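Read through the structure below, which is laid out as structure tokens, and then see the notes.
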Amino acid sequence: MDRKKETFGAAGGILKPIFEGHMPPMGLIPGSLLDGLARFSSFRGHLLRLTNIERLVTTLRHREPDHIPCCPMLYGASRRLAGVSYPDFALKPDATAESLLAGFELIGGETFAPAIDLSIEAADFGQQMVYPDNSTPHPDYAHPLVKDVSDYRRLKRIELKEAHRMQAMLETCRILVRRIGFKGAVSGFAFSPLGVLSMMRGAEHLFRDCVNYPSEVMAALQTITDVLIPYVEAQCDTGVIGVTLDTLFASWSGLSKELWEKIEGPFVKEIAGAIRRKGYIVAVHNCGHGPYFDSQIQFMEPSVITFAELPDDCSTPKELKRRYGDQVVLMGYVSTPLLSYGTPYEVMQECSKQIEDLADGGGFILAPGCEFPPNGPLENAMAIVKAAQLYG
Amino acid sequence: MKELRGKGVLLNNLEEAVWKHSNKITGETLDEALNAGIAPDDIRHALLQGFEHVRRRLMSNEVSIPDMLLCIDRVTEGLNSISGGKATEEGIPLVIGVVEGDPHDLGKNIIARIYKTYGYRVFDLGRDVPGKLFVKGVQENKANVLALSAMMSTTMVEMREIIQEVKVKSPGTAIIVGGAPVDETLARSWGADGYAETAVTVLEETQAAIGRVREGIPW
């Protein structure tokens, strides 16, 4: 009886989104069925052009589609296509969605996330913010919410329904899922607990505190995690394909591997588990130097890792593919300086190299290593899409 | 002989306390060394050796940024202790700051303290610094080095204008740039004299940039 209920429940979980006109949670679809579909699409891709969703699903199941999918990560930059100011892009869901849709429709790609800025969660905890006219919103670091070590335990859990910026993010996801339908895949996005805390304490103090006062830091991380779990679950409920967690500090740019595993590992494990339990894809974004792929895979079991630099234990892209290519879908990693100041043709040449190194056998999504430069030349975003179609 | 061995042990302990970034032990060992009448220059050398140890280990990724930060804390405390907190009037004058619009100063703070530790006379302009203040800061302090940091692609564009203006108004100043969205190619194309990829390499890069400017050798 229970098994019947489970089967009907899963079937309902798959069919309802389809009837609503968007992607169902892939985790609810039996793996063998997805693999069969991916194999069929891979074969079909030799003869015909696949749809964006077919291309993406084939890639996510580590099969080669007609050409590799891409994600130009056109977030802040997309506001320029829709004539939206940066503060409006950050704060008004209609404006955010309109901008991202403009990016998706004008530039292209198969998937994207409304990664508006990294301060959404911190702002809702009460961190004072700065919303510049032409740059990414950021905390007012002169007035950190966590002023000293004793403030870690004073951090109060907030209710999701009263969290204005997180609610705006959820509304943006709803609009995007409704408008995109089966034309592409929208991913949710959240900063990891340590990332959120860095926005409220400042990275320099936080780094010291992680070594000197780990239990105080972890008390705050628990409070943040208790808020992030319902937040990512609510993102899943909007119909996104999965949720991307930004884990910047799991890299040489952050903590040592050992310290990260102790301080943040258990919390991101909880969050990733919550996403997976709902049947959604867990993706990890880490644009630090030498990201710790092994630790992040151990704690979060992501399906996708998006990266800007080679992991700490790989010295070449080919080694990265060999070591991790069958464990996760790799997504990256065109550099920010090249996208900011290179010519479109230089961008395409770099993409071509990366495709050659990483696309063989499927499981690769071409993308910038980090958000496309918000004020960067948009023709370079188009070059990424073109390169994926041409060389992928 | 016994006295010499005691001195050596104390200095070794101090060096070790620095790279293990122990607040308590560094303070105690430092007091002990000062009470034993060890020359400030020897103490300074031991502190720097401890820091050098961490810098080398950071280079091979055996330690992380928090270790480096805490280690710099210990060295700074030690150096302040032997100088009585008096700012040095010696050393190569160097202006450092984060460009306008950018509030991220972790990298700049680390680099500024490394420069101070290694004897540069540092004029730290802070973060979100308008370009004209860099130009003025270099002129007023007769800086041999200007170190610019940007952590956002939206703000790094400021660097190019600052470099151009400083090159005209203070041509003898070596300009070194760093930050997440910057790379060596960009630094070269903007006319900088050096690029510091990380805190680990900044000292060598700066020395090389100073040498290039002094000798008039293009980068």
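Working note: Cα atoms of chain A, range along each principal axis, descending, whole Å: 63, 62, 42. Electrostatic tally near B:Glu140: other residues with Cβ closer than 15 Å to its Cβ, Lys and Arg +1, Asp and Glu -1, net +3. Averaged over the residues of A:198-208, the number of partner chain Cβ atoms lying within 10 Å of the residue Cβ comes to 4.
Here the convex hull built on the C-alpha positions of region B:112-219 has a volume of 92 cubic angstrom per residue.
In whole angstrom, how far apart do the alpha carbon centroids of region B:94-124 and region A:170-249 sit? Each part reduced to its Cα centre gives a spacing of 31 Å.
Summing charges over neighbours of B:Ser64, with a neighbour being any other residue whose Cβ is under 10 Å away from its Cβ, gives -1 when K and R count +1 and D and E count -1.
Per residue, the convex hull around the alpha carbon atoms of region B:145-191 comes to 58 Å³.
Computed over region B:44-88, the range of Cα coordinates on each principal axis works out to 34, 19, 13 Å, biggest value leading. Shown here is the pair-distance distribution of region A:54-180: with all Cα-Cα distances grouped in 10 Å bins from zero up to the longest one, the shares run 12, 35, 28, 18, 6, 0 percent.
Calculated mean residue ellipticity at 222 nm for the protein assembly as shown: -17000 deg cm²/dmol, from DSSP H runs with n ≥ 4 weighted as -39500 (n - 2.57), summed, divided by the residue count and rounded to 500. Inter-chain Cβ neighbour count for B:184-191, averaged per residue, equals 2 (cutoff 10 Å, partner chain atoms only). Once C-alpha pairs closer than 8 Å and six or more residues apart are averaged by separation and normalised to the residue number of chain B, the relative contact order reads 15 percent.
Counting residues in region A:46-122 as N, plug N into 2.2 N^0.38 Å and put the Cα Rg over that result.
Output field value: 1.30.
Contact order, relative form, for chain A: 19 percent (alpha carbon pairs under 8 Å, 6 or more residues apart, mean separation divided by residue count). Sparse packing (at most 11 other Cβ atoms within 10 Å of the Cβ) combined with a DSSP loop state is found for the following GluC sites (Glu not before Pro) in region A:94-175: A:Glu159. Of all lysines in the structure, the ones whose alpha carbon falls short of 30 Å from that of A:Lys147, not counting any fewer than 8 places away in one chain, are A:Lys92, A:Lys156, A:Lys161, A:Lys257, A:Lys262, A:Lys269, B:Lys20, B:Lys24, B:Lys86, B:Lys108, B:Lys116. Just so you know, the averaged projected area of the alpha carbon convex hull for region A:298-362 sits at 4.8 nm².
Across region A:39-142, Cα pairs under 8 Å and at least six residues apart give a relative contact order of 23 percent.
Once the other residues with Cβ under 14 Å from the Cβ of A:Ala163 are scored (Lys, Arg +1; Asp, Glu -1), what is the net sum?
It works out to a net charge of -3.
Take the convex hull of the alpha carbons in chain B; its mean projected area over all directions comes to 12.7 nm². Against the compact-protein benchmark of 2.2 N^0.38 Å, the Cα-based radius of gyration of region A:77-149 scales to 1.26. At q = 0.27, 0.34 Å⁻¹, work out log10 I(q)/I(0) for region A:285-327 with the Debye formula, treating every Cα as an identical point scatterer and leaving solvent out; two decimals please. The computed values of log10 I(q)/I(0) come out as -1.04, -1.47.
Coordinate-derived values only; no laboratory data. All figures in this text were calculated on a predicted structure; none of them were measured in a lab. For neighbour counting, all protein chains shown are included, and Cβ atoms are generated from backbone atoms with ideal geometry for every residue, glycine included.
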